[in-house]
Each structure stands twice: as C-alpha cells, then as structure tokens.
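To start, the structure under review is shown below, and the notes come after it.
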Amino acid sequence: MTRGIDPKVDYAFKFVFGNEEHPEVLIGLLNAIFAESQSALVKSIKILNPFSEKDSPVDRQSIFDVRARDNTDRDSLIEMQMLMFDWLPERFLYYWAKRYSQRIRKGQKYEALRPVTLICFMNGVMFPDNPGYHSIFELRDRHSGKVFSDHLVIHLFELPKFQKTLKQLASALDRWLYFLKHGQDVNLSRVPKQLATPGMSAAAELLEIMSLTTSKREQYETRWKAQMDHDSSLDSAHKQGLVKGRMEGRVEG
C-alpha cells in the first residue's frame, strides 16, 4: 500500500497552506487559531511567498514556511517544525523580529508598524511540564496582566500532546490539529464527516493531488527521505555525544 502524504512534511505543508489557488485553506486554519485566542478573524488574505514548483526539496536554502497578510494588515508566519532544538525560542524571536522590522521603511513613522503573528506547529514537545498542546505568548506585565503591545503574538502547537480522536473533535482548531497529526492516514477520497468543512475538504483534495501527481509525489518523497535521513543523523550524533560524555565522566572520576 502506498504511504499517504504527511502534511507535516514541510514540502507538503507549504503546498497545502501556501497555495494561491486555494486561500480558503489558510483562512480556515488561521480563523480556527484566532477564534481560540479571540483575535480578529480573517476575511481575505494574500500569500506573500506562495508555493512554487521551483521550490526544491533538496535545496538546503529553501524555507518551507508560509507568510501571509490578511485584510486587517496583520502578517502571519506559519511553519511546521519537525525537529526540536534547545535554541528554538531564540530562533522564533529572531524570525518574528526580522519580519516585524520589515514592515516599516526608512523614513516612516513607527505607527506604520503592524502586528506580526508567529504560528508554529511542532512535531515534538518543547514544554514537557506543561500538559497543554497550545501555548500563546504575548508581551504582558507579569503583575497586572496588562498587554504592553498586541504586535507580538506567538502560537506554539505541540502536536504529540494532542490526543483527541475523531469523535472527540469539538472545534475547528481540533479538526485542523487532527488533520495535521493524522493527515497521512485519512482516506482522501472519502473524508470523515468530522473533517468535511470547506477549508478542510480543500486541504484533503490538495494532498490527494500531490499523491496522484507523479512529479509532486517524487518531490515529496525526496523531501520526506531527506528529513528522515537528517533526523537519523541528528539522533545518532546525540547518542554519540551522550556516550562520549559518559566515558569522559568515568575517566575524570
């Protein structure tokens, strides 16, 4: 049996959510997130770096994120993080700050700056002591809770913590998280009724297109293999580092 397309693989992720011909997919995802955090919902959107056939899954310089600007002039940066590193918080802040600073041109007043929301889905756990799978970080006073500025918002989703079944899905966000976590196992020709919303159906259709189109499937498989090889090499290096550390500790002891 052919392996299904995993929407967590960055090449597939951008094909689904960075597709100019189907903006309803990204709008559906963003509104599910913004509804949970009581933020302004999206009516229309412009994808700033749409998926292109020129995106190379073997090019290490390729950045398979999605950048979009909605009708409220808010920028959203959406990405899938497959690997976990200690320096991810710093990377997220840098990523946000770089985009935020690009919203103002030389000579413009600071009022020209607009909110930038960073949204990251993680195929790992960043906060093991926190049972929640959705973390929202903002600039707030630790005493009063007063918001310093609404221009910085970071949404982090730890997918391994999301354990709901199809029958337990209770919100639009639940459905999108389920799709991201289990998309490769969904019957794309007969989407379960719990996932049969307009945006979700379009997302499933895009996965099916990638699965049935030879060139896209090959690109996906190349990227999937590259990610697996990269994961294995990092895991091997981590284990070697642990073994070396134990040996050095015994020698010193």
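The values are calculated or read from the model by the stated rules, or taken from the named source; none is laboratory data. Please read these numbers as outputs of a predicted model, since none were measured by experiment. Cβ atoms come from the backbone with ideal geometry, glycine included; neighbour counts cover every protein chain shown. Each accessible area value is taken on the protein alone, full model and side chains, heavy atoms only, with ligands, DNA and RNA left out. Shrake-Rupley method; radii C 1.70, N 1.55, O 1.52, S 1.80 Å.
Cross-link candidates for residue 164: which aspartates and glutamates have Cα within less than 14 Å, leaving aside residues fewer than 8 places away along the same chain? The qualifying aspartates and glutamates are 174. For the stretch 143-223, with all protein chains in place and a probe radius of 1.4 Å, 51% of the accessible heavy-atom surface sits on carbon or sulfur. Residue separation of residue 189 and residue 205 scaled by 0.36 nm, minus their Cα-Cα distance, works out to 5.0 nm of gained length. Straight Cα distances below 23 angstrom link residue 216 to the lysines 8, 14, 54, 181, 225, with same-chain residues fewer than 8 positions distant left out. Computing FRET efficiency as 1/(1 + (r/R0)^6) for residue 222 and residue 52, where r is the C-beta to C-beta distance and R0 is 22 Å, gives about 0.85.
Look at the Cα gyration tensor of the stretch 96-176: its axes a ≥ b ≥ c give a/c of at least 1.5 with a/b over b/c, and that counts as prolate.
Loop only per DSSP, at most 13 neighbouring Cβ atoms within 10 Å: give me the trypsin sites (Lys or Arg not before Pro) in the stretch 192-225, ordered by residue number.
none
In this rough spin-label picture, where each label sits 7 Å from Cα along the Cβ direction, the residue 83-residue 111 distance is 4.6 nm. Find the relative contact order for the stretch 52-182 and round it to a whole percent, using C-alpha pairs within less than 8 Å whose residues are 6+ positions apart. RCO, the stretch 52-182: 20 percent. Ordered from highest to lowest accessible area with the whole protein assembly present and a 1.4 Å probe, 147, 9 read as 147, 9. Put 96, 87, 224 in order of accessible area, highest first, and with a 1.4 Å probe you get 87, 224, 96. Cross-link partners for residue 46 among the aspartates and glutamates, with Cα-Cα distance under 15 Å and sequence neighbours closer than 8 places in the same chain left out: 20, 21, 24, 65, 70, 73, 75. Among 135, 96, 178, whose Cα lies farthest out toward the positive end of the dipole of the stretch 71-179, if unit charges sit on the beta carbon of Lys, Arg (+1) and Asp, Glu (-1)? Checked the options; the winner is 96.
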